[in-house]
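So the structure is just underneath, and the comments pick up after that.
The values are calculated or read from the model by the stated rules, or taken from the named source; none is laboratory data. Nothing here was measured: the structure is a model prediction, and the numbers come from that model. Cβ placement follows ideal geometry from the backbone for every residue including glycine, while neighbour counts extend to all protein chains displayed.
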Amino acid sequence: MSLVILISFSLSMQAVAQQAGDDSSFSFTNDVKTFEQNFNDYRGTAATLPAFMMVTWDDRIDDPFTGVGDYDTSDPETSYGGFAAYTSGSGDYSFGIREREPVDLRNARLFFSFTNNTDEPISVFEVSYDVEAWFIGDRRNRLRLKFDTEIESETRDTFEEDIFSTDNPSSEQTPGTKVNGALEENRVNVSGLVDITTLVKDDDTGETFEPLQPGETAYFRWQFSNTDGDGGSLRSGLAINNLVISVFDGDTSIETGTGLPESFVLRQNYPNPFNPVTQISFTLPQTTDISLNVYNIQGQRVATLAQGTTQAGTHHISFDASNLASGVYVYRLQAGNEVRVKKMTLIK
């Protein structure tokens, strides 16, 4: 049986970029099936890149790292370019990317390297991370996630197919404006299941990836790109934060291998943003009465997804929002006296 990974990048062949960071790989094992990474120790330098991550950039510049970009104090022209550490001064940092002259980060990429050291092939991943906006340009830009088993190839263009392509999440439209990416209106959670065996490996042949075998290493990569129809030369500053990667056995009712869940957990829906169907998952450590409801931002209940006595274990519920308008919704799970709440975004 193939394992499934729960997860909450191509070098241009014209110029193989310089690289910095830890090129070792995170090891997924039978016992270690979760990887979580925020960037709170990152300070916009190569030395503070998290383990198992590296960056590449166009070799026309020597050093793309520009230190800390603080929303309250930093000048975007000096601190918001290159590979910066964006923060609102709260101690929460994110990995920021902004292409600007003279730091023209053509081919800027952030890589996560991992190795399958389990006993089973791995073919499916659940990816979860936040995309944050910190600076608004007339080119609003986007962040794209891709997958490959090579960093570069002499025989084909790597990372051809987008897994997720996320536009600037801020509603602010004025070029040259700093925005606080730590605020909910300037960030979006991106999450979903990714079956690598459905991703096209080579556009010329239509070949797709094989399951990742035990002992094999692969890469996810975030790429900074223009949004369709962008004009002008002032780029936006976007950031990545709160990466989660876990191995999942594919069971749709109860977690296996470790017995029943030890805690009450409401997971982020996937995909998110979604149109019009998404899946909501939660775990119960014991059988209890639950209610799972969806509300609009005015607090009005728009759907009831589950109600009544529910067995201990992990549960997955599909939510079809075909009859609802685009926007942000809240889903609230009550189990006994405990409550968990999360937001999701419907885009039609």
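Within region 330-348, can you find the residues that are in contact with a Pro (Cβ under 8 Å, 6 or more places away or on another chain) and surrounded by 15 or more Cβ atoms within 10 Å (Cβ to Cβ)? Don't jump to the end; show me each part of the working.
First pass over region 330-348, keeping only residues in contact with a Pro (Cβ under 8 Å, 6 or more places away or on another chain): 344-348.
Within region 330-348, M344, T345, L346 meet the criteria.
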*Just one of V179, V188 is touching a helix residue (DSSP H, G or I) at 6+ places or on another chain (Cβ under 9 Å) and among the aliphatic types (A, V, I, L, M); which is it?*
V179
*Confirm whether E132 is under 18 Å from the mean Cα position of the chain (by Cα) and closer than 30 Å to L199 by Cβ.*
yes
*What about S291, is it in contact with a Lys or Arg (Cβ under 6 Å, 6 or more places away or on another chain) and part of a strand (DSSP E or B)?*
no
*Looking at region 304-329, which of its residues are surrounded by 14 or more Cβ atoms within 10 Å (Cβ to Cβ) and in a loop (DSSP other than H, G, I, E, B)?*
A312, A321, L324
*Return only the number of the condition from (1) under 25 Å from Q213 (Cα atoms); (2) in a strand (DSSP E or B) that E120 does not satisfy.*
(2)
*asked:* Taking the conditions exactly as written (surrounded by fewer than 15 Cβ atoms within 10 Å (Cβ to Cβ) and either touching a Ser or Thr at 6+ places or on another chain (Cβ under 9 Å) or modelled with pLDDT under 90 (or both)), does V32 satisfy them or not?
replied: yes
*With respect to the numbered conditions (1) under 20 Å from the mean Cα position of the chain (by Cα); (2) in a loop (DSSP other than H, G, I, E, B), which one is the sole condition not fulfilled by E185?*
(2)
*Taking D148 as meeting all but one of (1) surrounded by 19 or more Cβ atoms within 10 Å (Cβ to Cβ); (2) more than 28 Å from R267 (Cα to Cα), write down the number of the exception.*
(2)
*asked:* Looking at T288 and the list (1) over 20 Å from N189 (Cβ atoms); (2) crowded, with 16+ Cβ neighbours inside 10 Å; (3) within 28 Å of the chain's Cα centre (by Cα), which single condition is not satisfied?
replied: (3)
*Looking only at region 260-285, which residues are of a type in the set (S, T, Y) and over 19 Å from the mean Cα position of the chain (by Cα)?*
S263, T283
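Matching residues to (1) in a strand (DSSP E or B); (2) surrounded by fewer than 24 Cβ atoms within 10 Å (Cβ to Cβ); (3) within 20 Å of the chain's Cα centre (by Cα); (4) not assigned by TED's automatic domain parsing to the domain that holds N242:
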position: Y42; (1), (2), (3), (4): no, no, yes, no
position: A47; (1), (2), (3), (4): no, yes, no, no
position: D62; (1), (2), (3), (4): no, yes, no, no
position: T66; (1), (2), (3), (4): yes, yes, no, no
position: F83; (1), (2), (3), (4): yes, no, yes, no
position: G89; (1), (2), (3), (4): no, yes, no, no
*Qualifying positions in region 284-337 - more than 16 Å from R267 (Cβ to Cβ) and among the hydroxyl-bearing types (S, T, Y)*: T287, T288, S291, Y295, T304, T309, S322, S326
